[in-house]
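Values in this text are rule-based calculations from the coordinates and carry no lab data. Because the structure is a prediction, the values reported are computed rather than measured. Ideal geometry is used to build each Cβ from the backbone, glycine not excepted, and the neighbour counts take in all protein chains shown.
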Amino acid sequence: MQDLIIIGGGPASFAAAIYAARYELKTLIISKDPGGYLNQIHKIENYPGFKEISGLELKEKFLEHVKKYNIEIIQDTVTNIEKGFIVHTKGKKFETKTIILALGNERKKLNLKNEDKFLGKGVSYCYTCDAPLFKNKTVAIIGGSYSAVKAALLLSKYADKIYIIFRKPELRGDILEIEKVLKDKKIELIPNTNALELKGANSLSSIVLDNKKELNIQGLFIEIGSVPSKFLTSKLKIKTNKKCFIIVNKDKETNVKGVFAAGDITDSNNLKQIVNACSDGAIAATSAYDYIKNE
């Protein structure tokens, strides 16, 4: 019997585990991808205490802290949660008094014609993973916010030419990062524009835009945000908003007693950042402790 099972492996999960351990709760983390989105972030410059750090380095710092408390981390996928609570993975099942859902989000697809066809053949959803593959090539990024800006700055180290295609008139996100993009001669902005279709034979060779232009490109990075996972929330009958984010109160409680949520999967803030996810995790763990104590 666990006191707490945390499902997910990002910053909210790690912060929750650290706080839970300090409350002396028997805690287990289950994640199919420990680190989550941290594994894909090239450079972080706005997390307090670090002027500059990569996502992988920050993940290792979090893991070191978690392991100090001998918290077990199981790399597996949760397949079901029964009332009670019994958490099923692909190979095992665990019983727990409380649950924190720190599932993060899944990358959005653009659903362009031939998008799936060219996945891994020019189309990518992970610029930190695939940027080095496009050395001396021409690439495009679809998206106009934080992740698109970060993608452009990293790709500028490898590609000869980068287009940023976005629907709004201006880029959005960190002003300092946007200024770097505007000064970079390799990067060309194409605002007020949508993509219509991808073309190519065995691999991506061009993209058709709604401004009647067709750009020759060898790579396309889709950076249009993410959506929350709905599988476990529907299993537990947890209330979500219209965008499927879990509805929580200030204590990160869901509508199901004993189930809490933290991080990007919640509706509690619009700023989906590491610092906020850590705060959510700390609050959720404290609430789980209070729940167990009172029960």
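Some points to look at:
- Only beta bridges with both residues in the chain are counted; by DSSP, about 40 percent of them are antiparallel.
- Among beta bridges that DSSP assigns inside the stretch 136-242, antiparallel share in %, nearest 5: 40 percent
- Between residue 117 and residue 249, the C-beta separation translates, for a Förster distance of 51 Å, into a calculated FRET efficiency of about 0.70.
- Rg/Rh ratio calculated on Cα atoms of the stretch 123-222 (Kirkwood radius): 0.93
- Rounded to the nearest Hz, the phi-derived 3J(HN,Hα) couplings of the stretch 245-258 under the Karplus curve 6.51 cos²θ - 1.76 cosθ + 1.60 (θ = phi - 60°) are 7, 5, 7, 10, 8, 5, 9, 6, 7, 8, 6, 9, 4, x, where x marks glycine and proline.
- Among 75, 211, 48 - extreme Cα towards positive end, dipole of the chain, charges at beta-carbon: 211
- Proxy reagent accessibility, fewest Cβ within 10 Å first, across 223, 64, 214: 64, 214, 223
- Global size of the chain: 20.7, 64 Å for Rg and Dmax (C-alpha atoms, Rg to one decimal, Dmax whole).
- Our helix-only sum for the chain, with -39,500 (n - 2.57) per DSSP H run of n ≥ 4 divided by its residues, gives a mean residue ellipticity at 222 nm of -8000 deg cm²/dmol.
- Only Lys, Arg, Asp and Glu carry charge here, each on its Cβ (+1 for the first two, -1 for the last two); on that basis the chain has a dipole of about 580 debye about its Cα centre.
- Mean separation of Cα contacts under 8 Å (6+ apart) over length of the chain, as relative contact order %: 22 percent
- Simple label model, 7 Å out from Cα along Cβ direction - residue 60 to residue 241, nm: 3.7 nm
- Taking amide H atoms as placed 1.01 Å from N in the peptide plane, the amide H of residue 163 lies under 5 Å from those of 139, 140, 141, 188, each 5 or more residues away in sequence or on another chain.
- Taken about its Cα centre, the stretch 123-222 carries a charge dipole of roughly 160 debye when the Cβ of each Lys and Arg holds +1 and the Cβ of each Asp and Glu holds -1.
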